[in-house]
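Each reported figure results from applying straightforward, stated rules to the coordinates on display, with no laboratory input. Computed from a predicted structure; not experimentally measured. Positions of Cβ are backbone-derived with ideal geometry, glycine not excepted, and every protein chain shown enters the neighbour counts.
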Amino acid sequence: MLSSLRSIVQEVNSARSLPQVLTIIVKEVRAAMQAGVCSVYLFDETDQRYVLMATEGLREESIGKVRLAMREGLVGLVAAKEEPLNLEDADQHPNFAYFEETGEAPFHSFLGVPIIHHRKVLGVLVLQQQTQRRFASEEEAFVVTVCAQLSGAIAHAEATGALRKLASAGRGKSREATFRGIPSSPGVGIGRVVLVASNTDLASVPERFTQNAPAEVEIFRKALAAVKKDMRKLGSGLEDKLSSEELALFDVYIRMLDDSSLGGEVIAAITAGQTAQSAWSSVILKHVRTFNQMEDPYLRERAADVNDLGKRVLAYLQTSHKKEQPIPRRIVLVGEDLSATALADIPVNRLVGIISLRGSSNSHMAIVGRALGIPTVMGAIDLPWAELDGQELIVDGFTGDVISSATRTLRRSYLQRQREEKILNQDLEKLRDVPCVTPDGFAFSLWVNTGLRQDTMMSLRSGAAAVGLFRTEMPFLMRSSFPTEDEQVAIYREQLEAFAPRPVTMRTLDIGGDKDLPYFPIEEENPFLGWRGIRISLDHPEIFLVQIRALLRASQGSNNLRIMLPMISNLPELDQALKLIDRAYRELTLEEGYQIQRPPLGAMIEVPAAVYQVKEIAKRVDFLSVGTNDLTQYLLAVDRNNQRVAGLYHTLHPAVLRALKVIYDQASSVNCQLSVCGEMAGDPLCAVVLMGMGYENLSMSASTLLRVKSMLLNTSRQDASRIVKRALRLSDAESIAQFISASLKQPEVVKLIRSSSTNQRSTMR
Ligand code: PEP
Ligand code: MG
């Protein structure tokens with residue numbers, strides 16, 4: 001059973017459309033269960049009925065015709081009760097509904113299992129048998145497992161298929177389609193898609209057709225020639241390392257690309273009308289499926305080889321396609337799993353929207369989006385990204401909606417929203433040089449988070465009093481190797497001098513988690529609990545010391561450097577890091593004659609362990625800064641980068657608020673300077689909470705700074721602390737967020753809250 005399940009899941013995952021997914025399911029499940037019938041009914045939202053979508057065993061002409069209302073028939077009952085129904089004599093059941101056109105009369109026994117994805121019933125899988133017998137409990141368990149495993153693939157195929165369906169209904173002209181993701185940076189962006197093909201996934205290549213087959217054949221032949229050349233080079237480079245049989249495999253692969261083999265098959269498909277990418281993917285996936293189904297383990301393993309060959313050719317096909325594309329004037333960057341490195345390939349001044357299929361509103365790509373003030377949607381998992389290259393999209397960073405082929409009316413209303421935002425931003429601009437003082441006279445320091453070259457200008461213009469967090473890993477991400485000490489000096493000096501005399505807090509390298517350097521990949525099962533931040537720096541003193549030396553040298557003359565250590569979870573690692581910093585300082589000043597001021601040193605409080613050692617940490621450093629992004633993920637056990645659990649990530653969760661209060665009380669008891677530099681500080685609603693607790697230094701993205709300032713100018717600290725006291729008594733994040741917004745009723749504030757998307761509101765839509 002387990003091997004059938006594995007092969008069904010594998011096959012389904014390589015299918016390219018909903019009909020293909022369903023056909024594989026009914027065929028394979030019927031065979032595995034040796035049943036008479038296997039059918040899938042899916043819920044049709046428009047018709048509010050369950051529709052027979054695929055069957056193996058019933059008459060084919062009944063597909064699409066058999067439709068059951070919400071509680072109608074056994075299918076409706078299974079869906080309504082959200083549990084399996086296993087009957088030996090289905091026709092005796094009061095809910096039984098007979099459909100003559102199916103030819104189901106001879107089948108007596110019935111097993112119906114709901115297909116549920118993220119708590120929503122998508123449909124029902126039904127097995128029927130001629131003999132009057134209940135399906136065995138192991139069989140029932142198997143089908144429940146199949147449905148649970150495949151519901152994601154069905155939901156995905158259904159959502160991505162919507163676009164194709166709509167296109168065909170409109171006779172070739174696409175009709176409006178909306179895809180949902182997680183709102184991650186506010187604003188509306190309208191522009192054309194530039195795809196970042198992070199990997200060459202054969203299954204996600206859309207089925208496309210061409211009018212110019214000879215040109216596609218030409219492109220295909222060029223790609224084949226390039227791969228053959230690569231393979232030959234690879235083979236000859238390994239001559240002394242591989243056996244002659246292993247080397248012979250390279251020749252086999254090269255021959256597989258010949259006209260007499262895969263090459264010929266693909267050219268035939270192109271001549272029949274498919275594009276080169278589309279034809280290549282279909283042919284390869286078909287062969288991968290065949291190899292996967294083979295009994296012989298040696299032959300089964302060949303599936304991986306064919307797949308690898310497939311990816312190599314596809315990569316060349318995609319590159320030649322990219323070269324032909326002009327760069328749009330307004331770019332919406334789309335990718336499966338975008339990271340800041342994608343920005344290196346495009347003119348950032350043309351960027352108007354960012355969409356990533358993976359990730360969540362606290363992934364680093366989302367933070368980059370907010371830093372640049374670009375509307376961003378993360379976790380848009382159902383977006384048929386590969387089909388959208390060059391198309392116009394609307395990115396709604398307030399709601400997380402992504403709209404393709406918008407109607408004129410909708411487009412107009414989004415343009416109107418853009419104009420309103422512009423006016424709001426112009427009003428906020430007037431606050432730039434206004435001191436941040438509450439109506440009851442408390443002064444606040446608003447600082448800015450930076451890291452990218454592109455957001456430095458915005459940060460300077462925001463009127464920030466200091467840089468509270470410079471993510472030094474950002475410049476590292478944009479390169480193809482570690483920068484040298486001198487190169488780092490230049491990068492840091494540029495920042496320090498740009499902000500001088502204002503202090504600049506440089507955080508030492510915080511890679512790992514969702515920030516992988518292309519030239520230092522870290523493969524881990526659980527990256528956020530793994531080798532990250534200070535742990536890597538201490539394991540690689542040669543990297544850490546170079547960075548510290550560069551920071552210190554860069555500060556010579558401007559004297560506005562502060563150094564901050566990320567991910568501190570115990571005192572020995574803090575002590576070791578401080579010792580290394582001291583060593584670098586002494587070497588530079590005592591041995592090499594540099595005149596450098598000793599910079600203030602700080603630590604981040606972003607791991608729950610550190611919350612309970614605030615006093616001890618505080619005594620060793622000059623300042624502390626709370627990283628609420630990580631603190632929230634670790635306190636709530638919610639991966640900040642995982643869209644599946646995005647709805648559980650709340651910085652206003654009572655546990656997070658209580659931890660923030662502990663940190664504040666402990667740090668102030670030893671008079672240690674304290675700030676918050678997580679994204680929470682840049683959310684106007686959360687800023688009120690932090691002010692109410694006593695925090696006075698908030699560091700945030702430049703694009704949110706004036707919004708927070710406006711909020712604090714309108715809210716007295718007395719009110720804020722009253723609100724926080726009551727909020728701390730509430731039981732969950734949603735009630736807390738609602739209570740705080742309800743307590744802040746001034747019209748300016750309501751407008752601000754509406755125009756600042758945060759994870760609390762995104763999950764409360
Ligand atoms: C944080 O964790 O809150 C933080 C500021 O650091 P980063 O988002 O870079 O992990
Ligand atoms: Mg962090």
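Counting only residues at least eight positions apart within a chain, or on another chain, the aspartates and glutamates with an alpha carbon under 18 Å from that of K619 are E573, D575, D582, E606, D665. Put a plus charge on the Cβ of each Lys and Arg, a minus charge on the Cβ of each Asp and Glu, and nothing anywhere else: the dipole of the chain about its Cα centre is then about 2840 debye. For helix 18-33, what angle does its Cα long axis make with the longest principal axis of the chain, in degrees from 0 to 90 and rounded to 10? Rounded to the nearest ten degrees, it is 60.
Between helix 262-271 and the chain there is an angle of about 80 degrees, using the helix long axis and the longest principal axis of the Cα atoms. From the alpha carbon centroid of segment 535-552 to that of segment 671-745 is 35 Å. If R0 is 45 Å, the Cβ-Cβ spacing of Q293 and I346 corresponds to a FRET efficiency of close to 0.60. If you look at the Cα atoms of segment 202-324, you get an Rg and a Dmax of 14.9, 47 Å. Here the average projected area of the convex hull drawn through the C-alpha atoms of the chain stands at 37.8 nm².
Note that segment 332-343 has calculated 3J(HN,Hα) couplings of 10, 7, 10, x, 5, 9, 6, 10, 4, 4, 4, 5 Hz, one per residue in order, obtained from phi through the Karplus relation 6.51 cos²θ - 1.76 cosθ + 1.60 (θ = phi - 60°); glycine and proline are x.
Using C-alpha pairs under 8 Å with a sequence gap of at least 6, the mean separation divided by the residue count of segment 2-168 gives a relative contact order of 22 percent.
Between their Cα atoms, which of K515/K709; K709/K745; K81/K286; K120/K422 are more than 28 Å away from each other? Don't jump to the answer; show the numbers that get you there.
On the way: K515/K709 30 Å; K709/K745 17 Å; K81/K286 38 Å; K120/K422 38 Å.
The pairs that break the limit, which is 28 Å between Cα atoms, are K515/K709; K81/K286; K120/K422.
Distance from the Cα centre of segment 425-466 to that of segment 105-142, in angstrom? Answer, in whole Å: 61.
Using a 10 angstrom Cβ neighbour count of at most 11 plus a DSSP loop assignment to flag exposed GluC sites (Glu not before Pro), which longest range of the chain is free of such sites? Numbers along the way, then the final one.
On the way: sites that count: E45, E82, E239, E295, E523, E525, E592.
It works out to 296-522.
Taking the Cα atoms of segment 2-168, the ratio Rg/Rh between the radius of gyration and the Kirkwood radius comes to 0.93. Rg of the Cα atoms in segment 643-682, relative to 2.2 N^0.38 Å, amounts to 1.42.
Whole-Hz Karplus values for segment 489-502 come out as 3, 5, 4, 5, 4, 4, 5, 4, 6, 4, 9, 4, x, 5 Hz, taken residue by residue from phi with 6.51 cos²θ - 1.76 cosθ + 1.60 and θ = phi - 60°; glycine and proline positions read x.
In the chain, helical runs assigned H by DSSP with n ≥ 4 each contribute -39500 (n - 2.57); averaged across all residues and rounded to the nearest 500, the mean residue ellipticity at 222 nm is -14500 deg cm²/dmol. Need the C-alpha centroid separation for segment 332-401 versus segment 6-51, integer Å. Distance between centres, Cα-based: 32 Å. The C-alpha atoms of the chain define a longest principal axis, and helix 733-743 lies at about 50 degrees to it. Summary value for the chain: 11 percent relative contact order, contacts being C-alpha pairs under 8 angstrom separated by 6+ residues.
The chymotrypsin sites (Phe, Trp or Tyr not before Pro) found in segment 55-101 that occupy coil by DSSP, while having at most 15 further C-beta atoms within 10 Å, are F96, Y98.
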